[in-house]
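Every number in this text was worked out from the coordinates using simple rules, so none of it is lab data. Owing to the predicted nature of the structure, the values given are computational and were not obtained by experimental measurement. We place every Cβ from the backbone using ideal geometry, glycine too, and count neighbours over all the protein chains shown.
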Amino acid sequence: MMKDIFKITQVLNNNAVFATNLKREEMILVRQGIGFNGRNKIIVDSPDIQVFSPQTEVEKERFEQFINEIPFEYMQFTIDTVNLAKSKLKLSFSNGLIFTLADHISFAVERYRKHADFDYMDNEEIKQFFPEIYKFSQKTVRSINKKFDVALNESEAVAITFHFVNSMIVDSHTNQKSITDTKQIFNITSDIMKIIESNYGGKIDRRSISYSRMIVHIRYLVTSILQNSSINDSAISKKQIEKLLNSYSDSKITKITKEIGDYLRKKLNYDLTEEDQLFLDIHLTRQRLKKETNNENKYQTNGG
């Protein structure tokens, strides 16, 4: 079988490049050191090169942002993990799984090292519906702990399973209940994102990595509520929760969280727990810091 041949057109960093194949289709190639002295270099495909095919300009921009923001050690770990999942589970996943999962793992490790770790929902439905993926995710958590010298709780396997399930490429025989549930999750997530955007003056860039990141985590929270689960508080005391809420919250984030809580109470008759509030506050803070950094960079670029 003839191997693909690529010509590097742009170096993103030492480990990632834009390239075109013989059909002049644009790809992103990822491998340690592939970008070193890489422009106009001819590359022959090999098993250690990860090839991504962005389907739209928006997807291309998001992939580029992920590559520039996520340390390569997490990218490489996730590439190996997803390839192993494909082999062991005999499943196909969407193009972006490696990026969103690498982002999740790097943030989970960062949270742990800052002593802001917490248990995810103990979701029995996830375990029952996707037992093989859940078992694989449990092994992945153990691999993360060994690789990055941390001690993430095994409940992290639920979040990783969610990432796998969320990106699974399914056939056209998806049952009607799944379609209905998916639509409800989509609609509620969309409403919550509108609440967040309205508090930021509608200026969140929907093409940005921070927007993609928020969507994933809001969808996760909505799914846990609809499945009558919650973020588990066994790993963190009430006193710790109050301390973390105070450290992550400010007046704007508190206002957004309250509006989301009011919406969920009206829509689903659900009251946000303190753990839910902490989950939201952490990710809203992350969104805000990203926005502030972008504004600061623009100011410096404009000679401020």
The stretch 61-169 - charge dipole about Cα centre, Lys and Arg +1 at Cβ, Asp and Glu -1, debye rounded to 20: 420
Ascending count of other beta-carbon atoms within 10 Å, so fewest first, for HIS163, HIS115: HIS115, HIS163
³J(HN,Hα) computed for each position of the stretch 106-112 - Karplus, 6.51 cos²θ - 1.76 cosθ + 1.60, integer Hz, glycine/proline x: 5, 6, 5, 5, 4, 4, 4
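From the square roots a ≥ b ≥ c of the eigenvalues of the alpha-carbon gyration tensor of the stretch 61-169, which class results: rounded (a/c under 1.5), prolate (a/b over b/c), or oblate?
Numbers: a/c = 1.61, a/b = 1.06, b/c = 1.52.
Taking the square roots of the gyration eigenvalues as a ≥ b ≥ c, the stretch 61-169 is oblate.
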For ASP4, distant residues with modelled amide H under 5 Å away: ASP45
Under the Karplus curve 6.51 cos²θ - 1.76 cosθ + 1.60, θ = phi - 60°, whole-Hz ³J(HN,Hα) for the stretch 130-141, x wherever Gly or Pro sits: 10, x, 6, 5, 5, 4, 5, 5, 4, 5, 5, 4
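Normalised by the residues of the stretch 61-169, what does the relative contact order come to in percent, with Cα pairs under 8 Å and at least six apart? Walk me through the intermediate numbers first.
On the way: 101 pairs, mean separation 35.1, N = 109.
Value for the stretch 61-169: 32 percent.
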Other-chain or far-sequence residues with amide H under 5 Å of GLY35's (modelled H): ASN15, ALA16
Amide H contacts under 5 Å for PHE93, placed H, 5+ residues apart: ILE169
